[in-house]
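Here is the structure we will look at.
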Amino acid sequence: EFLPNAPSKPRLEKFSPGKKFSAAKTFLSSGSMFEVPRTGYTLLADVLCGLHCAALRKAEPSFSPTVAIRSDSPEIQSALKKLVKSIAWLSCWKSKKVKIERTAILDYRVRPGELLHHIQDFSHVKYSIPEYRKLCFPAEYADTVVLVIEADNAQLREATPYLSNASVVLLNCGTGDLSPTKLSSSDLVAYDPKIVQQFKVHRKAVSALLGWWWSLFDNEDVWARKIVQEARASFGKPDSRYIRVELDPKRLRNAIRYRVVLSFLDELEKFGFMNVEELQPYRQGAKDVFAPAPQESVTLRRAEDPEVFQEIMRELVAAKRDSIVADGERFVKKDKPFAAKRTISGEQYLVMPEDAWATAYKKAVLVRKDWDTSFLRQERWERELQKILAEAGKIKQASSGYRYRYDLYGDGSRDQTYVVAIPAQILEN
């Protein structure tokens, strides 16, 4: 059931320290194989998880190191094939009465003259029983890595029971009953062919290294349970008010990936393949992808903030300078002026009709897509805002109440004319 991915010889201990270092560095370089780190580290983590997948799924049944990629690039397809082949390059195992054939690449594309493919075309076990015909059944992929190309949903559903204990890369496939991590085309913008070439050069050493990782733990189940426990603990203790808490499977998947990568790096350090300084960039790279530091909370700019009001009004005054009536000149409505300069009690103000100010202010704020403008959706927001601004000293207020009346038109209509009067000094840059 658990078949080695590469020949048992040469064993890793037969390699020199320099070869071990090259193998480790070559494999870890897959984290930076693509321009977007998320892509490389997801593939790197899933390879490591795939080689212990059965134990990890026993500890956490929801865990599935599966990634879905969409790309029409022949180069991307070639890179994925070379990566998988360098890890799982055995395809046939024989004993006296049993023969297992299992390819690491399940290419479901149909060529002229071929029938539709099924899982048994890529993986099967043959039993030779005396006096009976040879019996043939699909063989499970366990603790390995698989690349599936252009399988539809029905084909994936047929294959899923045989792939559940392996790491799976879906290239241009459906999803079947799987719930893969999806990598978009922007995650695959470019890859480094030199890294792929290094996998070919150091193929035997990399395979030996991953064979060592595959057979490393004396008690694999204990290790897997510890990985899952640490991953779950990373989300913190749930609020005691809740009876039951379910973690997001996708976030838990990344938390498990992260702990597996860290475990692998710890073992490389423990066995002397690489030192702390050499491993630090990879620890940091995995953290940046799977456990990034929380971003500093950004305080949204709010439409009702007096400082926002002051900033917006400065911008409007600068833009409408030619439409501002000078002090002493008449404010004629039909001329559509923006505002008027007026001296009130010995102090100069910019005075605007209340409704004109509300329209101009709301329009200027709503174009700021990253601002909080929910205040402007309230009923009579302009009156509530005037209260805030008057208390902050940003507009002139009446002796009673916050709305200010002024004979802006010079026709004796003061009692019916509500205005917003802004001290000129706060509009100066």
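The values are calculated or read from the model by the stated rules, or taken from the named source; none is laboratory data. This one's a predicted model, so the numbers in the text were calculated from it and none came from an experiment. Because the Cβ atoms are built from the backbone with ideal geometry, glycine has one as well, and the counts that use them run over all protein chains shown. Accessible surface is based on the protein model in full, side chains and every heavy atom, while ligands, DNA and RNA are left aside. Shrake-Rupley method; radii C 1.70, N 1.55, O 1.52, S 1.80 Å.
Just a few scattered comments:
- Ordering 77, 292, 189 by Cα displacement along the dipole of the chain toward the positive end leaves 77 in first place; charges were set at the Cβ atoms of Lys, Arg (+1) and Asp, Glu (-1).
- Computed from the C-beta positions of residue 185 and residue 154, the FRET efficiency with R₀ = 22 Å rounds to 0.30.
- Rounded accessible area of residue 175 (nearest 10 Å², 1.4 Å probe): 50
- Residue 143 - accessible surface, heavy atoms, 1.4 Å probe, Å² rounded to 10: 10
- FRET E, pair residue 288, residue 347, Förster distance 60 Å, beta-carbon r, rounded to 0.05: 0.60
- Most fluctuating residue given options 268, 178, 116, as computed from a GNM of the chain linking Cα atoms under 10 Å: 116
- Of all DSSP-defined beta bridges confined to the chain, some 55% are antiparallel rather than parallel.
- Share of carbon and sulfur in the accessible area of the chain stands at 49%, probe radius 1.4 Å.
- Lysine pair number, Cα distance threshold 26 Å (strictly under), the range 9-117, separation 8 or more or different chains: 29
- Full-extension gain in nm, residue 414 to residue 134, via 0.36 nm per residue minus C-alpha separation: 90.4 nm
- Of 281, 112, 249, the one that fluctuates the most in a GNM where the chain has Cα springs shorter than 10 Å: 112
- Two-site label geometry, residue 250 and residue 424: point separation in nm, points 7 Å out along Cα→Cβ: 5.8
- Paramagnetic reach from residue 319 (point 7 Å along Cα→Cβ, amide N under 13 Å) across the range 357-388: 359-369
- Helix content alone sets the calculated 222 nm mean residue ellipticity of the chain: runs of n ≥ 4 DSSP H residues at -39500 (n - 2.57) each, divided across all residues, give -12500 deg cm²/dmol.
- Lys, Arg +1 and Asp, Glu -1 on Cβ, resulting dipole of the range 1-80 about Cα centre, debye, nearest 20: 440
- Label of the coordinate-derived value, percent of Cα pairs over 33 Å apart, listed as [x] 38; [y] 53; [z] 34: [y]
- For residue 107, residues with placed amide H under 5 Å, excluding near neighbours: 149
- Dipole size of the chain about its Cα centre, with +1 on Lys/Arg Cβ and -1 on Asp/Glu Cβ: approximately 1280 debye, rounded to the nearest 20.
- Theoretical FRET efficiency, 1/(1+(r/R0)^6), r = Cβ-Cβ of residue 126 and residue 14, R0 25 Å, to 0.05: 0.15
- The chain, relative contact order [Cα under 8 Å, separation at least 6], %: 17
- Put 380, 232, 342, 314 in order of accessible area, highest first, and with a 1.4 Å probe you get 380, 232, 314, 342.
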